[in-house]
Each structure stands twice: as C-alpha cells, then as structure tokens.
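Heads up, the thing below is written out as structure tokens.
The values are calculated or read from the model by the stated rules, or taken from the named source; none is laboratory data. No experiment lies behind these values; they were computed from the predicted model shown. Cβ sites come from the backbone with ideal geometry, for glycine too, and all protein chains shown count toward neighbours. With ligands, DNA and RNA removed, areas are computed over all heavy atoms of the protein, side chains included. Shrake-Rupley method; radii C 1.70, N 1.55, O 1.52, S 1.80 Å.
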Amino acid sequence: MTLPRDYRGQTCALARSMEIVGERWTLLILRDAFYGVRRFGEFAAHLGVPRAVLTDRLTTLTEAGVLERRPETGTGRREVYGLTPKGVALWPAVRALTAWGEEFHPADGGPRRVFLHAGDEAPLDADGRCTGCGTAVPVADVVVAPGPGLAPATPDDDPVTAALARPHRLLRPLLQPPLRPPLTTAPPGRPTRGPQR
C-alpha cells in the first residue's frame with residue numbers, strides 16, 4: 001500500500017512542515033544546498049539519489065519557496081538551485097538533526113564533518129553556539145570542515161565529496177562553473193580588433 005503524500009486530518013504546523021521537508025532525500029538535499037551544492041548533476045552524483053526522485057524533491061522545494069531556480073552566473077545556459085530566506089531558516093533544524101545523529105548514532109571514528117565559527121575557527125556546540133566566544137553563529141558564518149571520521153579521499157570521489165574534503169563556508173557555491181576559454185581567433189566572417197598593418 002502506497003502512503004499518501006500529505007497528512008490528511010493533521011492540522012498542526014509540524015504536519016504542514018513535514019509535507020514540504022518530510023520526504024526521504026529532502027533533508028539531504030537541503031543539507032547539500034547549505035554546503036553550497038547548486039547544480040542538479042552535483043546533487044545526483046553526491047547523494048546517489050535516482051534522478052526522477054531528485055527532480056520531484058527539487059520541484060517540491062522550489063514550489064514551496066524553500067529553493068529558487070535561477071540561471072547560473074557566467075554561463076547563461078545552466079540553471080542552479082539556491083536556498084531562499086525561507087530555506088535558510090531551516091538551518092537550525094538541519095543542524096539539530098545532525099547533532100542528534102552524532103550523539104545517538106555516531107559514525108565510527110567520529111563525525112565525518114564538523115561545523116566551525118568562521119570568526120575564530122572554534123567548533124559549534126549542539127545548539128549552534130561557538131564554543132570559543134559563545135556567540136550564536138548565523139549560518140553565513142558557519143564553516144563545514146572535515147571531521148575525524150571522514151574517510152581519506154579517493155580518485156573515485158564525486159566532485160562534491162572531493163570539495164568537502166576542505167573547509168568551506170556554508171551557503172557559498174561549493175563548485176565553480178568551468179571557465180570558458182577565451183576566443184583566440186575571431187568567429188568566421190567577423191573582423192578582428194587590434195593593430196591594423
């Protein structure tokens with residue numbers, strides 16, 4: 001029997017929230033969006049999620065105003081996903097679920113990733129406060145860094161996994177679009193500029 005997609009008969013705020021973020025894969029997509037993953041292919045490769053499921057989850061998050069889809073700067077062709085202010089407001093929930101998992105279901109060797117305060121590089125506690133200065137750290141000032149449980153890099157790592165082997169500030173694009181090589185010759189039929197001889 002297939003489960004319904006909504007929570008009929010449930011009228012509380014948690015049920016309404018779960019209709020947007022409660023499906024399998026959705027919180028991992030949001031986690032990656034906080035890490036700075038922007039392109040469809042990067043989400044697919046890093047998460048190993050079926051493409052049809054990823055399409056459905058990204059559509060749901062976009063329609064709910066959690067993510068926005070926009071042209072990628074500098075390419076004009078590709079589209080990327082980014083968190084909206086409504087999506088950024090989910091950071092405490094994502095951070096709290098991560099802390100809960102580390103406490104009650106820890107990985108061998110310790111956490112794969114740790115969160116640090118960009119201001120002083122001190123770790124954050126489970127409540128999102130800097131253990132060095134005591135500040136409640138806003139998401140834009142959080143750095144995700146490799147933890148003691150992160151496996152050594154391998155040549156088979158997808159680009160997101162490879163990039164996350166280095167400290168990275170949340171919300172900033174993790175992977176930059178490939179640069180177009182400069183034109184070395186003018187397209188056919190168009191005059192070149194420069195010194196005329």
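Things to note:
- Residue in the range 100-110 that is in contact with a helix residue (DSSP H, G or I) (Cβ under 8 Å, 6 or more places away or on another chain), farther than 24 Å from Val21 by Cα, assigned to a loop (DSSP other than H, G, I, E, B) and in contact (Cβ under 8 Å) with a residue 40 or more places away in the chain present: no
- In the range 136-155, the condition of being among the β-branched types (Val, Ile, Thr), farther than 21 Å from Leu47 by Cβ and not in a strand (DSSP E or B) is met by at least one residue.
- Residue in the range 63-71 that is part of a loop (DSSP other than H, G, I, E, B), without any contact (Cβ under 8 Å) to a residue 60 or more places away in the chain and out of contact with any strand residue (DSSP E or B) (no Cβ under 8 Å at 6 or more places or on another chain) present: yes
- Selection from the range 25-37 of residues that are touching a residue at least 40 places away in the same chain (Cβ under 8 Å) and open to solvent by less than 30 Å² (accessible area, probe 1.4 Å): Leu30, Asp32, Ala33, Phe34, Tyr35, Gly36, Val37
- Which numbered condition Glu102 misses (of (1) within 17 Å of Val144 (Cβ to Cβ); (2) at pLDDT 95 or above; (3) out of contact with any strand residue (DSSP E or B) (no Cβ under 7 Å at 6 or more places or on another chain); (4) crowded, with 17+ Cβ neighbours inside 10 Å): (2)
- Sole exception among (1) surrounded by 12 or more Cβ atoms within 10 Å (Cβ to Cβ); (2) outside any strand (DSSP E or B) for Asp127, by number: (1)
- Condition met for Gly74 (small (Gly, Ala, Ser), at pLDDT below 95 and closer than 13 Å to Phe34 by Cβ): no
- From the list Thr55, Thr60, the one residue that fits, being part of a helix (DSSP H, G or I), open to solvent by less than 40 Å² (accessible area, probe 1.4 Å) and out of contact with any strand residue (DSSP E or B) (no Cβ under 8 Å at 6 or more places or on another chain), is Thr60.
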